[in-house]
1. Would you tally the residues in region B:97-121 being in contact with an Asp or Glu (Cβ under 6 Å, 6 or more places away or on another chain), touching a residue at least 24 places away in the same chain (Cβ under 8 Å) and within 14 Å of chain A (Cβ to nearest Cβ)?
2. Within region A:109-145, work out how many residues are on the phi > 0 side of the Ramachandran plot and surrounded by 17 or more Cβ atoms within 10 Å (Cβ to Cβ).
3. From the set of residues in region A:19-58 that are surrounded by 24 or more Cβ atoms within 10 Å (Cβ to Cβ) and of a type in the set (S, T, Y), which is nearest to A:T231 (Cα to Cα)?
4. Of the numbered conditions (1) assigned to a strand (DSSP E or B); (2) within 20 Å of A:H32 (Cβ to Cβ), A:V252 satisfies every one except a single condition; which is it?
5. Taking region B:217-230 as the region of interest, how many residues are more than 24 Å from B:G109 (Cβ to Cβ) and either surrounded by 12 or more Cβ atoms within 10 Å (Cβ to Cβ) or in contact with an Asp or Glu (Cβ under 7 Å, 6 or more places away or on another chain) (or both)?
6. Mind listing just one residue for me: the one in region A:127-145 that is free of Cβ contacts under 8 Å to residues at least 24 places away in the same chain and within 14 Å of chain B (Cβ to nearest Cβ) and, of those, farthest from the chain's Cα centre (by Cα)?
7. Given the conditions (1) buried (at least 16 other Cβ atoms within 10 Å of the Cβ); (2) within 14 Å of chain A (Cβ to nearest Cβ); (3) over 24 Å from B:P52 (Cα atoms), and given that B:L161 satisfies all but one, which numbered condition is not satisfied?
8. Of all residues in region A:37-58, which are among the small types (G, A, S) and either in contact with a helix residue (DSSP H, G or I) (Cβ under 6 Å, 6 or more places away or on another chain) or within 8 Å of another protein chain (Cβ to nearest Cβ) (or both)?
Number of protein chains: 2
Amino acid sequence: MCELLGMSANVPTDIRFSFAGLARRGGETGPHADGWGISFYEGRGARAFHEPAPSARSELARLLRNTAIKSRIVIAHVRKANRGRVALENTHPFSRELWGRRWTFAHNGQLRGVKKWPLTWFQPVGSTDSEHAFCWMLDQLQGRWPKLPSAARLDAAVAELCAALAGLGVFNMLLSDSRTLYAHCGKRLCYLTRCAPFGTATLIDEDWRVDFAQETRKDDVVTVIATKALTRDECWTDVERGHVLTLRDGAVRILKPGARRPTRVAAPCTL
Amino acid sequence: MCELLGMSANVPTDIRFSFAGLARRGGETGPHADGWGISFYEGRGARAFHEPAPSARSELARLLRNTAIKSRIVIAHVRKANRGRVALENTHPFSRELWGRRWTFAHNGQLRGVKKWPLTWFQPVGSTDSEHAFCWMLDQLQGRWPKLPSAARLDAAVAELCAALAGLGVFNMLLSDSRTLYAHCGKRLCYLTRCAPFGTATLIDEDWRVDFAQETRKDDVVTVIATKALTRDECWTDVERGHVLTLRDGAVRILKPGARRPTRVAAPCTL
């Protein structure tokens, strides 16, 4: 299996603290030593870093945890290979262009038989079931609309495609089109929203404590989503199986199976 | 304008020496301070690094010049913006997937009116004429063949598309599909092939000298192509305007305008 990390924020935000925790799980505090990757959106573009080697012992991962790259949408992944050999082309997150937007995708789980699902416009470069599933989702979206539809239509379509893929196995997933961060919980995913009044947090995987009150402004809203909680002293909320989260500017909405409209989740600061 | 650097080799090869020279031209020994990027192919995948900031003062570029990433195909670019603002999405090299292969493209020059050329399957994410030209090339290839054609057919098509684009202005370009490195000279491009017996070389842009005899095996063949010579004591060959070079495993073939077959360039070691 693998672990996922995503972030959505209303201001460019430094994710080093959370990434440091995830990176240690890539071969030190966790067994996900077959590769790692991270994409930081910056406007419509993204900085992406991939290595088919353990993040816990990576010079590049060390540079990233020492460099403040500020972003409003981040997707990261540490890999424990099951389908597809350990290779750069099989290292998440994957990316493609659709409708002039850069899409990024990372997956945790297995999807039996997905490689038999036909593809038209997007083809995998590597041999993972994950990349095939990503190509299938983009193929379906391309087939529905010649250009970017409204956010509400896109949200509903992404939820529908996630439900179809989840029928094949475990489908924990993060996806972004540079505007929205989508998350689907197949089995395990949790999140938290940080906003004023900010407190402190301590990583589970190493001895690092941050006082967010020192790092933020009062209007900042940052939601972090991960396979397993990354901090020991904050309240993480489990996502229910089959639910899709849409995150824009740190705000969370939940699309439940069969529901026609999303449920807005109140951030702690607005409770 | 900008500067380009490409490499094709028959064994995974460390390009740090050449990249160090190029990186200094990104804001120190040259004016190309509006961004830089480099893609290292590793099998079908690629490691790509981009920053919309000067390479000469980049921590990431410093890490890359201190880390041996071995690759058989590399494309790098330092940018002096003319069309398209300084932004991550406008930073070369650009990449897309076609026929299940990862394509990478970098351009130096200006192409007047290219944005009026219609696109079907590939759309630019940023606002440069370069990315539009890249999308147009892939669109044309996608329209001709549903899957990867023979190398000879693809070579001829790439040369034809380069000639069409060169009609709009200056089109110095590097392109790869993970198998071949293509180069088109619109105005300025030069190359050299290193093979046994290997000698020494000294960078123009900094005080760095390498004895390749210590770094290589006798069968290694490495061709480096750049906008301007990177070393002071080697013999660089200018590419003629309108010529396309196809580089596979370090071997150079030249496609001249109107010629039906490529001319093989003998490497120094086979002369």
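Read-outs: derived from the displayed coordinates by stated rules, not from any lab. Being a predicted model, the structure only gives us computed values, none of them experimental. Virtual Cβ from ideal backbone geometry, glycine too; neighbours counted across all protein chains shown.
1. So the count comes out to 2.
2. So the count comes out to 1.
3. If we take residues in region A:19-58 being surrounded by 24 or more Cβ atoms within 10 Å (Cβ to Cβ) and of a type in the set (S, T, Y), then A:S55 is nearest to A:T231 (Cα to Cα).
4. A:V252 satisfies every listed condition except (2).
5. 3
6. Just the residues of region A:127-145 that are free of Cβ contacts under 8 Å to residues at least 24 places away in the same chain, to begin with: A:132, A:139-140, A:143-144.
Restricting the remaining residues to those that are within 14 Å of chain B (Cβ to nearest Cβ) gives A:132, A:139, A:143.
Numbers: A:H132: 17, A:D139: 20, A:G143: 24 Å.
Restricting to residues being free of Cβ contacts under 8 Å to residues at least 24 places away in the same chain and within 14 Å of chain B (Cβ to nearest Cβ), the top hit is A:G143.
7. It is condition (2) that B:L161 fails.
8. Filtering region A:37-58 for residues among the small types (G, A, S) gives A:37, A:39, A:43, A:45-46, A:48, A:53, A:55-56, A:58.
Across region A:37-58, the qualifying residues are A:G43, A:G45, A:A46, A:A48, A:S55, A:A56.
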